[in-house]
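The values are calculated or read from the model by the stated rules, or taken from the named source; none is laboratory data. Treat the numbers as computed from the prediction; the structure is a model and nothing was measured. Cβ: placed from backbone, ideal geometry, glycine included. Neighbour counts: every protein chain shown. The area values use the complete protein model at the heavy-atom level, side chains included, leaving out ligands, DNA and RNA. Shrake-Rupley method; radii C 1.70, N 1.55, O 1.52, S 1.80 Å.
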4 protein chains.
Amino acid sequence: MSRARLEAFSDGVLAVAITLLALDLAVPAPGPGHPSLLAQLGDRWPAFVAYLISFFTVGIIWVNHHARVADIAKVDRTLLFLNLILLLFVVAIPFATSTMAEYLTAGGDDARYSMVLYAGVFQGMGLAFAAIFEWSLKEGRLHHPIPMELRPLVRLRFSIGAVAYVAAIIMAFFSPLISLTIIGLVAVYYIFEQGPRRLRELQQR
Amino acid sequence: MSRARLEAFSDGVLAVAITLLALDLAVPAPGPGHPSLLAQLGDRWPAFVAYLISFFTVGIIWVNHHARVADIAKVDRTLLFLNLILLLFVVAIPFATSTMAEYLTAGGDDARYSMVLYAGVFQGMGLAFAAIFEWSLKEGRLHHPIPMELRPLVRLRFSIGAVAYVAAIIMAFFSPLISLTIIGLVAVYYIFEQGPRRLRELQQR
Amino acid sequence: MSRARLEAFSDGVLAVAITLLALDLAVPAPGPGHPSLLAQLGDRWPAFVAYLISFFTVGIIWVNHHARVADIAKVDRTLLFLNLILLLFVVAIPFATSTMAEYLTAGGDDARYSMVLYAGVFQGMGLAFAAIFEWSLKEGRLHHPIPMELRPLVRLRFSIGAVAYVAAIIMAFFSPLISLTIIGLVAVYYIFEQGPRRLRELQQR
Amino acid sequence: MSRARLEAFSDGVLAVAITLLALDLAVPAPGPGHPSLLAQLGDRWPAFVAYLISFFTVGIIWVNHHARVADIAKVDRTLLFLNLILLLFVVAIPFATSTMAEYLTAGGDDARYSMVLYAGVFQGMGLAFAAIFEWSLKEGRLHHPIPMELRPLVRLRFSIGAVAYVAAIIMAFFSPLISLTIIGLVAVYYIFEQGPRRLRELQQR
């Protein structure tokens, strides 16, 4: 069973999911007495913020999925199903994004639970990716096994995201906007944090 | 005619179909006097259950399509059209899923026929996949032909799904919920049942 | 410039277009006093017929695109733009399909022009594909050039489709249903007509 | 980190985005007292013009992306994120296209700002592509480095597009239709302008 189709299918799902994100930006067609386009775009700021955060979070998952899967020596059925669980959450991102964007400004419990849903889907995606990482550690599964002494560092990297999403879920009940800020900062963190140097060298071999 | 584009096109269709499934989860934007988000998400439980079942059923078809096609020695026109018929049903899954999810709680004949539609599309997909399997048995079509003594076992595996979907269609007239449970159990069965050991070894060669 | 990305991009567009076709099958969610699901599905028979015809027409284009492009020795800018024009019509198929399905039963001029639109998009796709074929005839463009004596036969094959679509467009003004039947028969014709035997042998080398 | 998945993911996003463009062409289903189909299609001329311009602009980006990336010797994290930024704008094109098509005939500020949005998204896409080009100039990043004496010519090509989009944005405040014409001419320019001859030879090696 080849790595090529695992990558092709995952790339396909990630590409469709990331492209569907922008469908939520749509503004209603002009009708009698409609507000001006500028006013409508302004009112929809949560949709634009949500688009940016979701786009880059899916983009980071793609970059990391790429690096991890490229080194896998042998695809087995367990990996295929772990990958399906990862994609289950990826596919749910356009839904979670649009729900959050629409209910954030509704205030009250609606805003809170929409943010819990949003952070929860990202948490699920992150945990599924961490499970793929753990699967890859067993002997013989990677061409260039991650050295023992680096593993705690990689696990720490995963944990920072997981803890931040838990914080975002808890914070959602107090301030959905602070919660959204945390989720955005996670994306910024993963864009700039590149993992320990030796790990990057391993991946580039 | 190469196997590569057959795989690429099928992966593309499967990836788009699986990603469109989540569009049905969408909740209406908040309006005056709208029910709370939590209440709406709760009311939409059939959409979430349907999403899970359809996602994993398409996922299993992808995993199995992958294993079967990877061993094909020569792509001919018959295979291309059998594969198109398989994809005809795959493409209809988001439609069948959303129709079932919306009409399940309407009760009466609507719930019954929506479940017949849902089980029927899965049945069509399963039979098309079985036809691809039968096509592959003719001499010279696989790199590693499936040994004669294993064929009844593989056919039994297909038959279990086919019989279960017939049962789901009949049961839909008495209890759509039991019917849905059967369809979900078929997915669970195929996730954990991996085929006879020698067959797996053949596929991994 | 490699053939691989031309194939990958075309497969992607064809896969997305073919999957979007089924979105038109959607039935409105149940509301107060809504007609039964069976009645709604029955009323929507043009959508199902249109889905079948469009699905197989796109499928045939994919099969033939596959066979033609696989033999191309060198991709140039002209081919890329001819291919873009082909895709321009492919991308318009879900739109033409849903418009035709919705307006066919409206009767009168609406039914007529919706069928002209439908046949016209298929005609455009067929002509773009014929242009790619003509491009491929120049020396050095195919690994296995099509022998001179076979070219009239291949051109005849293209012409049958082109003439049939013209007939469908004219017939649309008298009877949209006969027009639809012609378009369906073109798909059936291309599924079973496989081109002269020597050409198939050439393509399979 | 391989070029193959960068291409596969980009092709996927471009293919989905280009196919979603046609969803905006959809005409409402016939209802009581609805205008004729011909009248509706006629009223929607901006949607058809916008479809053509956006389709070919995305198509050109695909052709050029193809040529540029095919020669890259080593994919690094910076390139992945520059590419993500390019895709961020590509994904926004269906949204910008439909908004422009719907608001162009609304007149006044709505038409103006919809055209600014449309030209702005194309400008963003062009600048992201220019950034990928600049990234590729550093030593060792291309298999066939672009000769020093050709670089000003290539930069001039990029600048023509960038200046034209700025002109389109300014012109949008005076005449959205002239602005739209400029954007369409940019597409026509890039279809026929193929870059200096030596550069093309380099790319074809």
* **Cβ-Cβ under 7 Å pairs, at least 6 apart or on other chains, the range C:55-80 side hydroxyl-bearing (S, T, Y), far side part of a helix (DSSP H, G or I) and open to solvent by less than 30 Å² (accessible area, probe 1.4 Å)** => C:T57/C:F122; C:T57/C:A187; C:T78/C:W135
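Only one of these is facing chain A (nearest Cβ under 8 Å), surrounded by fewer than 22 Cβ atoms within 10 Å (Cβ to Cβ) and out of contact with any Lys or Arg (no Cβ under 8 Å at 6 or more places or on another chain): D:F95, D:F48, D:F81. Name it.
Values: D:F95 fails: surrounded by fewer than 22 Cβ atoms within 10 Å (Cβ to Cβ); D:F48 fails: facing chain A (nearest Cβ under 8 Å).
Of the residues listed, the single one that is facing chain A (nearest Cβ under 8 Å), surrounded by fewer than 22 Cβ atoms within 10 Å (Cβ to Cβ) and out of contact with any Lys or Arg (no Cβ under 8 Å at 6 or more places or on another chain) is D:F81.
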* Structure fact -> C:A26 passes all but one of the listed conditions (1) of a type outside the set (D, E, K, R); (2) open to solvent by 40 Å² or more (accessible area, probe 1.4 Å); (3) modelled with pLDDT of 90 or more; the exception is number (3)
* **Single residue of the range C:98-116 satisfying the filter (open to solvent by 30 Å² or more (accessible area, probe 1.4 Å) and among the aliphatic types (A, V, I, L, M)) that is farthest from the other protein chains (Cβ to nearest Cβ)** => C:V116
* To do: Say whether the condition of being more than 12 Å from the chain's Cα centre (by Cα) and of a type in the set (G, A, S) is met by at least one residue in the range A:78-100.
  => yes
* Structure fact -> (1) open to solvent by 40 Å² or more (accessible area, probe 1.4 Å); (2) within 13 Å of chain A (Cβ to nearest Cβ) all hold for D:S36 apart from (2)
* Structure fact -> Flagged in the range C:1-32 as more than 7 Å from every other protein chain (Cβ to nearest Cβ) and not in a helix (DSSP H, G or I), in numbering order, are C:P28, C:G31, C:P32
* May I ask you to list the residues in the range B:126-168 that are within 20 Å of B:V63 (Cα to Cα), β-branched (V, I, T) and part of a helix (DSSP H, G or I)? => B:I132, B:V154, B:I160
* Asked: Could you say whether any residue in the range D:50-64 is farther than 17 Å from D:S179 by Cα and of a type in the set (S, T, N, Q)?
  -> yes
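Might you let me know whether the range A:61-72 holds any residue that is of a type outside the set (V, I, T), modelled with pLDDT of 95 or more, crowded, with 21+ Cβ neighbours inside 10 Å and closer than 28 Å to A:R5 by Cα? Spell out the reasoning first.
Kept after step one, since they are of a type outside the set (V, I, T), are these residues of the range A:61-72: A:62, A:64-68, A:70-71.
If we keep only those that are modelled with pLDDT of 95 or more as well, we get none.
No, there is no match, as no residue in the range A:61-72 is of a type outside the set (V, I, T), modelled with pLDDT of 95 or more, crowded, with 21+ Cβ neighbours inside 10 Å and closer than 28 Å to A:R5 by Cα.
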* For C:R44, work out the one condition from (1) within 21 Å of D:L23 (Cβ to Cβ); (2) modelled with pLDDT of 90 or more it doesn't fulfil. => (2)
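What is the residue count in the range A:131-154 for residues that are open to solvent by 20 Å² or more (accessible area, probe 1.4 Å) and in contact (Cβ under 8 Å) with a residue 24 or more places away in the chain? Let's see the steps before the verdict.
Quick first cut of the range A:131-154, residues open to solvent by 20 Å² or more (accessible area, probe 1.4 Å) only: A:131, A:134, A:137-141, A:143-145, A:147-149, A:151-153.
Of the ones still in play, those that are also in contact (Cβ under 8 Å) with a residue 24 or more places away in the chain are A:131, A:140-141, A:143-144, A:147, A:153.
Result for the range A:131-154: 7.
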* To do: Looking only at the range B:157-180, decide whether some residue is farther than 30 Å from C:P32 by Cβ and within 14 Å of another protein chain (Cβ to nearest Cβ).
  => no
* In the range B:183-205, what residues are buried (at least 19 other Cβ atoms within 10 Å of the Cβ) and at pLDDT 90 or above? -> B:I183, B:V186, B:A187
* Asked: What is the one condition in (1) over 22 Å from A:G12 (Cα atoms); (2) away from chain A (no Cβ under 14 Å) that D:V69 does not satisfy?
  -> (1)
* Asked: Within the set of pairs 6 or more residues apart or between chains, which connect a residue that is over 15 Å from B:I53 (Cα atoms) inside the range B:87-98 to a residue that is among the polar types (S, T, N, Q) with Cβ atoms less than 8 Å apart?
  -> B:L87/B:S10; B:V91/C:T19
* Taking into account only those residues within the range B:1-23 that are without any contact (Cβ under 8 Å) to a residue 40 or more places away in the chain and touching a Gly at 6+ places or on another chain (Cβ under 6 Å), which is least open to solvent (accessible area, probe 1.4 Å)? -> B:A15
